[in-house]
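The values are calculated or read from the model by the stated rules, or taken from the named source; none is laboratory data. Just so it is clear, the structure is predicted and the values come from calculations on it, not from any experiment. Backbone-built Cβ (ideal geometry, glycine too); neighbour counts: all protein chains shown.
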Amino acid sequence: MDYKIAGISIYYIISWFFIYSFLGWAWESAYVSIKNKKLVNRGFINGPLCTIYGAGAVTIYLLLRPFEKNLALLYLGGVITATALEYVTGWIMETVFHTRWWDYSNKKFNLHGYISLASSLLWGAFSILLFKLLQPFVSWITSLYPQSIGEVILAVVSVLYGIDFGISAYTAFGLSKTFGKVEDMLEELISYMENSRLYETREEIREKLEGIRGSIKQRELLERLSARREEFIGRFESVIAESPFGENSFYNAKRQELEQRLDDFSGKYMEIRSKQNVFIRRMVHAYPNLKNGFKRYREKHQDKRTR
């Protein structure tokens, strides 16, 4: 591996990429696991690597090496480089897989939800940390073993990474179909609930149904579906109690219709979830808000068709 980029051997560039990808995975998984109070295997692929961290760290290091002694330029360069990489990566992944893997839409000064001012400023601080602490540490790791052994390790890891990435990409493509079916089911049920006038707005109904999607285990999913069913039936009974006409055959028929709708939804939803393989479940568990990307994709293309 004598080929060089920016004066650095491709061997070290690839080695650093995998090491930074692992460190990024460790950081992301630990942070999300602590935040959610349960173990989460974060990352696009199934193995312990977060590609965007590896690609970002190596790109920043190669591009900003000439400014490593100037902290101001290093910080500014890190803000610009990492922000551009984050935006492009987010846009490409949503365009290709019709899903969004992170979303800053709820933060101030964001652009299309892909980037935000707060995250960009943090990327600048990370760039300084990269040069002053992380890169010396990563370089020390690669110095612990001969290059001949490192090349063998890289070959094995690269093959495994390629296989894992292929599986993950195939899984991500399949997610758009799954999300499409779920979105259609949700919209159908929401429209029915809205017409029944049990709640004030569609948003109120959707918020109550959204909680079921974060369930990974079958038992937890069944419990959440049952809870929503009981809540909707209870809401219906409250409306009947407040009605001046009281309970009659019409309301009994409407209750039976509501129960049937809810049971049909639960049955179809459970059927879809039962067909998800271990890779899909892992990806949904790692990124529970993936659904939003497909929804935006579908709405965008529906708008185009109606023009």
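Scan the range 1-21 residue by residue and report those that are crowded, with 17+ Cβ neighbours inside 10 Å and of a type in the set (Phe, Trp, Tyr).
In the first step, residues of the range 1-21 are kept if they are crowded, with 17+ Cβ neighbours inside 10 Å; the result is 11-21.
Matches in the range 1-21: Tyr11, Tyr12, Trp16, Phe17, Phe18, Tyr20.
Quick one: is Phe294 outside the structural domain of Gly113 (by TED's automatic domain parsing), part of a helix (DSSP H, G or I), at pLDDT 75 or above and surrounded by 17 or more Cβ atoms within 10 Å (Cβ to Cβ)?
Values: outside the structural domain of Gly113 (by TED's automatic domain parsing): yes; part of a helix (DSSP H, G or I): yes; at pLDDT 75 or above: no; surrounded by 17 or more Cβ atoms within 10 Å (Cβ to Cβ): yes.
No: the conditions fail for Phe294.
Please find, within the range 105-126, the residue that is surrounded by the most Cβ atoms within 10 Å (Cβ to Cβ) out of those that are assigned to a loop (DSSP other than H, G, I, E, B) and over 19 Å from the mean Cα position of the chain (by Cα). Can you show your working first?
Keep residues of the range 105-126 that are assigned to a loop (DSSP other than H, G, I, E, B), which gives 105-109, 112-114.
Subsequent filtering for residues that are over 19 Å from the mean Cα position of the chain (by Cα) retains 108-109.
Values: Lys108: 8, Phe109: 11.
Restricting to residues being assigned to a loop (DSSP other than H, G, I, E, B) and over 19 Å from the mean Cα position of the chain (by Cα), the top hit is Phe109.
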Taking the range 196-218 and keeping only residues that are modelled with pLDDT of 70 or more and among the β-branched types (Val, Ile, Thr), one is left with Thr201, Ile205
Going through (1) at pLDDT below 75; (2) exposed (fewer than 15 other Cβ atoms within 10 Å of the Cβ); (3) over 28 Å from Gln276 (Cβ atoms) one by one, Lys177 fails only at (3)
Contact list, first residue from the range 186-209 and touching a residue at least 60 places away in the same chain (Cβ under 8 Å), second anywhere and part of a helix (DSSP H, G or I), beta-carbon distance below 6 Å, six or more apart or interchain, is Leu189/Phe265; Tyr192/Arg261
Residues in the range 34-61 that are more than 23 Å from Ile115 (Cβ to Cβ), crowded, with 17+ Cβ neighbours inside 10 Å and basic (Lys, Arg) total 0
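Within the range 45-94, how many residues turn out to be outside any helix (DSSP H, G or I), under 13 Å from Leu130 (Cα atoms) and either of a type outside the set (Lys, Arg) or at pLDDT 95 or above (or both)?
Selection size over the range 45-94: 1.
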Just name the residue that is modelled with the highest pLDDT out of those in the range 227-278 that are under 30 Å from Ser168 (Cβ atoms) and in a loop (DSSP other than H, G, I, E, B).
Asn277
Return the pairs, sorted by first residue and then second, in which the second residue is modelled with pLDDT of 80 or more and not charged (D, E, K, R), the first residue lies in the range 242-270 and is farther than 30 Å from Phe179 by Cβ, the beta carbons are less than 9 Å apart, and the residues are 6+ apart or on different chains.
Arg255/Ile233
